[in-house]
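First up is the structure itself, then whatever we jot down about it.
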Amino acid sequence: MTEEALQNIYLNNFHKNNNAKFVPFAGYNMPINYKHGIINEHIRVRTHAGLFDVSHMGQILISLTNENIHALEVYIPLDIKLLQFNKCNYSFILNSHGGVVDDIMLSKIKIEDEEFIYIVYNASRKKVLNKIFKKTILNYKIIQDRCLIALQGPDSFSVINSILNLSSSMKFLDIEILEYENTKVFISRSGYTGEDGFEISILDNIAENFVKKIIQNENTILCGLGCRDSLRMEAGLSLYGNELNEEINPIQAGLSWALDKSRLNDKNLNCFHVLSKEINTSQSIKKIGLSPVNKSMLRAQMTLHNENNKKIGKITSGCYSPILKKSIAIGYINKTLDMSEKLYVNIRDKLEEIQIEKIPFVKKNYKKGD
Amino acid sequence: MSEKKYTEEHEWVKLEGDTAIVGITNHAQESLGDIVFVDLPAVGKEVKAKEELCVIESVKAASDIYSPLDGEVLEVNENLSNDASIVNQDAENEGWIFKLKVSDISQVNHLMTLDQYKEFLDK
């Protein structure tokens, strides 16, 4: 993609003025880090709080009608009718063979007594999903006048609470619609870093002041996509395009917990016949965590080998973990692997020994119910 | 001691007799960001100018380090295997990466002076 074709997010100038370094990501010109650098930003999120502008992501409001529920449930393995209001659900848009077209956050919300399905989806999948939405549902609005701001880290609650009036009972995956400067703000206790935190959907024209208020807090800094990636990897969270794609189903990706099992027997789900069989079958591949035995950096696309140099898998994400101070990676291996055998990775045509690690690499720190 | 020379691959070279000390420039470390690992070359390895010799890994990506001159690797900066961030802190001194025994000193004349390198960066 050429630089000219890149889109800017609404607060682009604000980020520029804050010395962001930019990279092209999913068709957007996105901050990868600011002046503190990726490692410091990462550590700040684990110890205090960091603010991410993730306005490149897709947001859509869909009228909550029986027709729309029926149409969405062709692709989404949730029982939408039974979902509680004001709860976020991690789920998928699936193709007819169970492959992941996108991973999404879906919630049912009420805005002034009108009921909606609110979906947040990946920037890289906007074209594909918008086409599906256009083809299948009625009465929807692809949100284009809101920023999506994520505040992540253990200090997030106190920082946000000094600006918005949160209910103290709000826990992980709750979503609320709050009044702020005479507008509606959608705020969920969620994120993708493994830390407590919030994602806030806020109208473009008041977003800059809102962000400025948040970073007035001395322990909160602006963070870019660089540390968002290393944070989600430490937390063992999958990234679309890396761990997830149209050839991998959620069961293979180790995400069967996110499937509503009752839907796997429902003919209205386009891939029910595949997933209902797969859920009871031993999968051919398995998602694993890895780290090098000696010092080296593991990166996506490196191949995994057994003692006889037979290729047995691939790394899908790799990074340096600022918390563990070594490289970590997520990958898929053939499940037939003899776990007593040594495991190797091909780094620039040299085989280096690696070891299997538990996922998540770093303990998650969500605000669960008491 | 001679003045430092620079390459288009953003490396600096300092000659001491027929030994060249090589590292990456301050500009290079800034654009790489946090450096977390340097895959140091093997001592004794013979290389040609512009050949890939080792790899430097930042949080963001892996980058090749090229040999600026023909020669043989004499010594590597072992301090970097314990703390690669030395390259971020002091790229053009303590953050040196390897020393070469240079086989043809006259090759140095093909490298850039500091002024030429600055001009190159402005392009």
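The values are calculated or read from the model by the stated rules, or taken from the named source; none is laboratory data. Remember, predicted model here, so these are calculated numbers, not experimental data. So basically every Cβ, Gly included, is an ideal-geometry build from the backbone, and we count neighbours across all protein chains shown. Keep in mind that these areas ignore ligands, DNA and RNA; they rest on the heavy atoms of the full protein, side chains included. Shrake-Rupley method; radii C 1.70, N 1.55, O 1.52, S 1.80 Å.
Is there a residue in the stretch A:28-37 that is open to solvent by 20 Å² or more (accessible area, probe 1.4 Å) and assigned to a loop (DSSP other than H, G, I, E, B)?
Within the stretch A:28-37, one or more residues are open to solvent by 20 Å² or more (accessible area, probe 1.4 Å) and assigned to a loop (DSSP other than H, G, I, E, B).
Tell me, which helices (runs of 4 or more DSSP H) lie completely within the stretch B:79-123 with 3 or more residues that are exposed (fewer than 13 other Cβ atoms within 10 Å of the Cβ) and at pLDDT 95 or above?
In the stretch B:79-123, B:114-122 are the helices (runs of 4 or more DSSP H) which contain 3 or more residues that are exposed (fewer than 13 other Cβ atoms within 10 Å of the Cβ) and at pLDDT 95 or above.
I'm checking my understanding of the structure. Among residues of the stretch A:1-50 that are within 23 Å of A:PHE198 (Cα to Cα) and of a type in the set (Gly, Ala, Ser), which one is farthest from the other protein chains (Cβ to nearest Cβ)?
A:ALA49
Being of a type in the set (Ser, Thr, Tyr) and touching an Asp or Glu at 6+ places or on another chain (Cβ under 9 Å) is the filter here, so list the residues in the stretch B:68-115 that pass it.
Matches in the stretch B:68-115: B:SER85, B:SER103, B:THR113.
Can you find even one residue in the stretch A:259-266 that is within 14 Å of another protein chain (Cβ to nearest Cβ) and modelled with pLDDT of 95 or more?
no
Within the stretch B:40-68, can you find the residues that are of a type in the set (Val, Ile, Thr), within 11 Å of chain A (Cβ to nearest Cβ) and part of a strand (DSSP E or B)?
Selection gives B:VAL55, B:ILE56.
Any idea which residue in the stretch A:215-228 is farthest from the other protein chains (Cβ to nearest Cβ), counting only those that are part of a loop (DSSP other than H, G, I, E, B) and under 24 Å from A:ILE328 (Cα atoms)?
A:CYS223
When you look at A:GLY331, is it away from chain B (no Cβ under 14 Å) and surrounded by 12 or more Cβ atoms within 10 Å (Cβ to Cβ), yes or no?
Against the criterion (away from chain B (no Cβ under 14 Å) and surrounded by 12 or more Cβ atoms within 10 Å (Cβ to Cβ)), A:GLY331 qualifies.
Give the residues of the stretch A:280-310 that are within 14 Å of another protein chain (Cβ to nearest Cβ) and open to solvent by less than 40 Å² (accessible area, probe 1.4 Å), sorted by residue number.
Listed by number, the residues that qualify are A:SER291, A:PRO292, A:SER296, A:MET297, A:LEU298, A:ARG299, A:MET302.
Can you go through B:ALA62, B:ALA28, B:ALA20 and tell me which one is without any contact (Cβ under 8 Å) to a residue 24 or more places away in the chain and hydrophobic (A, V, I, L, M, F, W, C)?
B:ALA62
From the residues in the stretch A:7-27 that are open to solvent by 30 Å² or more (accessible area, probe 1.4 Å) and hydrophobic (A, V, I, L, M, F, W, C), which one is nearest to A:ILE206 (Cα to Cα)?
Step by step, filter the stretch A:7-27, then rank; the result is A:PHE22.
Would you mind stating whether A:TYR140 is over 20 Å from A:ASN242 (Cβ atoms) and in the same structural domain as A:SER201 (by TED's automatic domain parsing)?
Yes.
Considering only residues that are small (Gly, Ala, Ser), buried (at least 18 other Cβ atoms within 10 Å of the Cβ) and more than 16 Å from the chain's Cα centre (by Cα), which ones fall in the stretch A:82-134?
A:GLY98, A:GLY99
Could you tell me which residue of the stretch B:28-39 is farthest from the other protein chains (Cβ to nearest Cβ), considering only residues that are in a helix (DSSP H, G or I) and closer than 22 Å to B:LEU100 by Cα?
Going through the qualifying residues, I end up with B:ALA28.
If we keep just the residues of the stretch B:1-36 that are among the acidic types (Asp, Glu) and open to solvent by 60 Å² or more (accessible area, probe 1.4 Å), which is farthest from B:VAL47 (Cα to Cα)?
B:GLU30
Hey, among A:LEU231, A:LEU178, A:LEU269, which residue is modelled with pLDDT of 95 or more, in a loop (DSSP other than H, G, I, E, B) and either away from chain B (no Cβ under 14 Å) or buried (at least 21 other Cβ atoms within 10 Å of the Cβ) (or both)?
None of the other options fit; the residue is A:LEU269.
Could you list, in sequence order, the residues of the stretch A:38-61 that are closer than 19 Å to B:SER85 by Cα and either open to solvent by 30 Å² or more (accessible area, probe 1.4 Å) or among the polar types (S, T, N, Q) (or both)?
Residues satisfying the conditions are A:ILE39, A:ASN40, A:ILE43, A:ARG44.
Does A:ARG228 satisfy the condition of being under 30 Å from A:HIS15 (Cβ atoms) and touching a residue at least 24 places away in the same chain (Cβ under 8 Å)?
yes
Results for (1) at pLDDT 95 or above; (2) of a type in the set (Asp, Glu), shown as yes or no for each residue.
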residue: A:LEU166; (1), (2): no, no
residue: A:ASP174; (1), (2): yes, yes
residue: A:LYS184; (1), (2): yes, no
residue: A:LYS212; (1), (2): yes, no
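Is it the case that the stretch A:235-254 has a residue that's under 19 Å from A:ASN40 (Cβ atoms), assigned to a loop (DSSP other than H, G, I, E, B) and open to solvent by less than 20 Å² (accessible area, probe 1.4 Å)?
yes
Of the conditions (1) open to solvent by 10 Å² or more (accessible area, probe 1.4 Å); (2) on the phi < 0 side of the Ramachandran plot; (3) without any contact (Cβ under 8 Å) to a residue 60 or more places away in the chain; (4) more than 19 Å from the chain's Cα centre (by Cα), A:LEU164 clears all except one; give me its number.
(1)
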